[in-house]
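The values are calculated or read from the model by the stated rules, or taken from the named source; none is laboratory data. Because the structure is a prediction, the values reported are computed rather than measured. FYI the Cβ positions are ideal-geometry reconstructions off the backbone, even for glycines, and counts take in every protein chain you see. Surface accessibility is based on the protein's heavy atoms, side chains included, excluding ligands, DNA and RNA. Shrake-Rupley method; radii C 1.70, N 1.55, O 1.52, S 1.80 Å.
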Amino acid sequence: MSTSTRTPQFTPSWSQSLMRGVYSVAMLLVIPFMLLKLFRRNTDTTQSVWVQLAQRFGAVPRPAQSGGYLFHCVSVGEVVAASCVIKALQQQSPDTPVMVTTTTTTGAERVRAIFGNSVQHSYLPADLPFTMGRMLARVKPQAVIITEVELWPNLLHRCCQQHIPVILINARMTDRSARRYQKVPALFAPMMQQLTQVCAQGQRDYDNYLLLGMPAERLLLTHNIKFDQAVDSSTTEPLLTLMSSRRVVVAGSTHEPEEQVLLDTVAAHRKRFPELLLVLVPRHPDRFEAVATMLNEQNVRFVRSSVTRQIEHDCQVVLVDEMGLLTAAYQQAHITFVGGSLADRGGHNALEPAAASKPVIMGPHIYNNPVICAYLQEQGALKLVTGTPELITVLDKWLSKPTAAEAAGQAGYQVLQNNKGALAKTLACITSL
C-alpha cells in the first residue's frame, strides 16, 4: 500500500484553524520560560546549550540521506519502549536512516547509551508551525513514529500537509487525558483525523481513542510492546558486589516521598532481618542530591553507586545516582517496588522487574499501565498497597516466606511470555506504509 493512499486527507475547519493559531500564540508565550530553564538547568554534557537551542527552533541535524524514520520519544521510558521497534527496523532495513527526537536530556542520554552512533538524535523543536516545518524539511522522513502519548497539534498538521504518515505506537490514553482532550475539541479532534494509524497498547486506550474520534479503520489493538521489550532485554552484569547473605529490596523509579516511605518500611523490618539492604533508584537525576541529603540527615549508612559498587556488611542503603542501571539493580533484587505509584505519577514500568522474575509491589496510582498491572496482579506477581502499613505487611510476608516471593516473581515472568506479540504487529503496521 502506497504512502499517498495511507496518509489522511484532512482540511481543518476555520474554527479548528483558529484554535490552533491561539494555541501557537500560547506556545510562543511559553518559549521565554523554556529558554530560561534550558540555560539554568542544562544537564546535557555532550551538546552545548546553543546547539540544543538551535534544535528547539527546528535546526535539527540533517541526516546523511532522506527518507528514513523519525521517532519521537519524550524521555527514558518511551526510548526504552521504542528501542525494540527501532532495532527490528534496523535489522530489516540496515540502510534506512533513523532519527530519534526526545524532549528531555535524560531521554537523550538513553538514546546514546542504547544506540550509540547507529541513530541520529535531536531535541524535538517547540511545537510551532515554522519550527516543525523546518525540522521536517531537513529530515524529509518517510514516516513519523510517535511513542505512547506525545501529540503535538502543529507537528501533526505539518505532517498532514506534506503527506507524511504519522503512526502512534504503543499508544496510551488514560481516562483522565481523554476527559482533558474532550474539553478542547477544536484543538484535539483534528489530530485524530491527521494520524495515519494508532496502535493501542490496551483496551482502555483503544476505547478512549474511539471516544475522541479516531476512525476505527485506522485504530489497531496491538497490546503493549513493553512485554516484548522486557522479555528480550539481555541479562546485565551485577550492579553491586554483595555478601551472599544480603536480602535486597530495590525501589526503582522513585519520586518524593517514596524514598522516605521505603526507608521507614525497611527500617521497621531491620530488627528481624538485619541483613536487609535497600537500593534506591530515583526516577530523575536532579533528585540524586536531595535523596543523598535526606539519608545524611537521618544518619543512614549508605553508599552511592557512582562512588563504589562494593557493599560492606554495615551498609543499609545504596543510592543509585547514575542513569541506565535500573535493570541491573532489579537483577539483584529479592523484592522490588516500582515508583510513581505511591506518589501520584501513574506508576512506572512493572514489567522491568517482572522480566527479572522478581515480585513487585506498587502503590494505588497505576493509571499509566492498568492492563499490565492487572495481568501481574491476577497472577500474584504484583501486590498493590495504599501506604506504609500495607507495604510493611506485604514486605514482611515476602521476607518471611522467600519461596512465596520467588513464586510470585516466576509468575510475573510467565505473564510476559504469555503476552508477547505486540512488536510483530507494530512492525507490520509500520512497514506496510
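A few remarks follow.
- Dipole magnitude of the chain about its Cα centre (Cβ charges: Lys, Arg +1; Asp, Glu -1), debye to nearest 20: 800 debye
- Cα lying deepest toward the dipole's positive end in the stretch 139-222, options 156, 206, 221, charges on Cβ: 156
- Residue-by-residue Karplus 3J(HN,Hα) for the stretch 115-126, coefficients 6.51, -1.76, 1.60, Hz, glycine and proline x: 10, x, 9, 7, 10, 8, 10, 8, 7, 5, x, 4
- Modelled label positions at residue 91 and residue 417, each set 7 Å beyond Cα in the direction of Cβ, lie 2.0 nm from each other.
- In the chain, inverting the average of 1/r over every pair of distinct C-alpha atoms gives 22.8 Å as the Kirkwood radius.
- Taking a point 7 Å out from the Cα of residue 163 in the direction of its Cβ, the residues of the stretch 194-228 whose backbone N falls within less than 20 Å of it are 194-197.
- Reported to the nearest whole Å, the Cα centre-to-centre distance from the stretch 360-433 to the stretch 39-55 is 37.
- Solvent-accessible heavy-atom area per residue, rounded to whole Å², over the chain at 1.4 Å: 42 Å²
- Along principal axes, Cα extents of the stretch 262-355, largest first, whole Å: 32, 29, 25
- Most mobile of 336, 222, 104 in a GNM of the chain (Cα contacts under 10 Å): 104
- Placing R0 at 45 angstrom, the Cβ-Cβ distance between residue 28 and residue 425 gives a FRET efficiency of 0.70 after rounding to 0.05.
- By definition, a body whose alpha carbon gyration tensor gives a ≥ b ≥ c is oblate when a/c is 1.5 or more and a/b is not larger than b/c, and the stretch 97-247 fits this oblate description.
- Förster radius 41 Å - calculated FRET efficiency between residue 243 and residue 112, Cβ distance, rounded to 0.05: 0.75
- Global dimensions of the stretch 156-230 from alpha-carbon coordinates: Rg and Dmax equal 12.5, 38 Å.
- Ligands, DNA and RNA left out, the accessible area of the chain computed with a 1.4 Å probe is 54% carbon and sulfur.
- Amide H contacts under 5 Å for residue 361, placed H, 5+ residues apart: 336, 337, 338, 383
- Label-point gap, in nm, between residue 180 and residue 11 - each point 7 angstrom along Cα→Cβ: 3.3 nm
- Here, the stretch 370-433 has an Rg and a Dmax of 16.5, 54 Å when only alpha carbons are counted.
- Residues residue 36 and residue 390, FRET efficiency given R0 of 41 Å [Cβ-Cβ distance, rounded to 0.05]: 0.45
- Calculated [θ] (222 nm, deg cm²/dmol) that DSSP helices of n ≥ 4 give over the chain, each run adding -39,500 (n - 2.57): -14000 deg cm²/dmol
- Cα gyration tensor shape of the stretch 77-129, rounded if a/c is under 1.5, else prolate or oblate by comparing a/b with b/c: prolate
- Net length gained if the chain between residue 187 and residue 50 were fully extended (0.36 nm per residue, minus Cα distance): 46.1 nm
- Taking every Cα-Cα distance in the stretch 29-144 and sorting them into 5 Å bins from zero, the calculated P(r) comes out as 2, 12, 22, 25, 20, 12, 5, 1, 0 percent.
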